[in-house]
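Each reported figure results from applying straightforward, stated rules to the coordinates on display, with no laboratory input. Note that the coordinates shown come from a computational prediction; the quantities given were computed from them, not determined experimentally. Every residue, glycine among them, receives a Cβ derived from its backbone with ideal geometry; neighbour counts consider all protein chains shown.
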């Protein structure tokens, strides 16, 4: 990725260690995540630029959201205004609507996975728990972050992907408007009971319209829960959003000016154009997409005479990723171009057997997750199901703790 350093543009790099893939399930999860990232093309979904493969690692070079997490934005303001919250709700709905069209369920929608760009617009990230589905197909795997999980998922029922994402979207909206979550408890069993009951309190500062839309989204019966279309037709949404704010997906034409710019850097523009049409992710297409991203942000490109293409920039970066066994460790998808912190592995959270149907409660897992008690102002992460680490969180916004363990994905 020498082109991004020459252009002065930062990127995010997610590192997948090959030696960490030990099971077929790990391979399928990583392959699925890469497939979704390659397929997704939406202004409110993080963009994959390039896939680089070495002997030990696979590097996913992605767009950098410089504004950080929506979580931190909410914490810094204590809570958001209804107008700003509606703006982010609109952008979340736009991203989810697109995912529904390509038959993808995210399953881990939360403020930590909603990043902000330098113009404070939403970028949905982290598709490690996502899945593909056919029209009308139901899923069965319980996964994600407990406080944001839909009741039908927690109850161990089969569910529709679009409906569970809408529930999580409602929890995020509540967090933005109130500054804390609708369902919280330091005891996991009590937390699940609260979610299953669907009972939550609403603060007095909310407008009647905001109260109503929250009650229409956070409905335990998924068939009665609001859809994206109904959210957009609600009076509260109309009050804070205009038709111009709703994004409509259009087929974008290849920008010949960018190709001309790249030709001065000795890129094979015909090959880049062909690879863009084939949806390939290599050095050439990455250079095109980075420049396109810079133009959208209004950033000035350096003069081509000052740039010199290095020997490492070829148009043959790794694309043969889908058929090889791969690892699944992760680095942050935001922050510096190479982030040191490790992400959580793709695993599902543990649901108490007392709350599950007999058939699901009797399933055998490789290793029982430890029972952990912690103050509400901490989150516990189990990295690779072995190392236990803590990180500070807001005492009112965020999961009391997050315990995950490996299960087979549906």
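Below, the figures for the structure above:
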{"item": "Order by protection proxy (mean Cβ within 10 Å, highest first), peptides 101-114, 284-297, 15-28", "result": "101-114, 284-297, 15-28"}
{"item": "Burial ordering of 200, 183, 71, fewest other beta-carbon atoms within 10 Å first", "result": "200, 71, 183"}
{"item": "Pairwise Cα inverse-distance average, inverted: Kirkwood Rh of the range 173-293 (Å)", "result": "19.0"}
{"item": "In nm, spacing of pseudo-spin labels at residue 220 and residue 134 (7 Å Cα→C-beta vector)", "result": "3.3"}
{"item": "Segment residue 212-residue 254, extension gain: residue separation times 0.36 nm, minus the distance between their alpha carbons", "result": "10.8 nm"}
{"item": "Kirkwood-based shape ratio for the range 1-84, expressed as Rg/Rh from alpha carbons", "result": "1.07"}
{"item": "Most to least packed among 126-133, 207-214 [average Cβ atoms within 10 Å]", "result": "126-133, 207-214"}
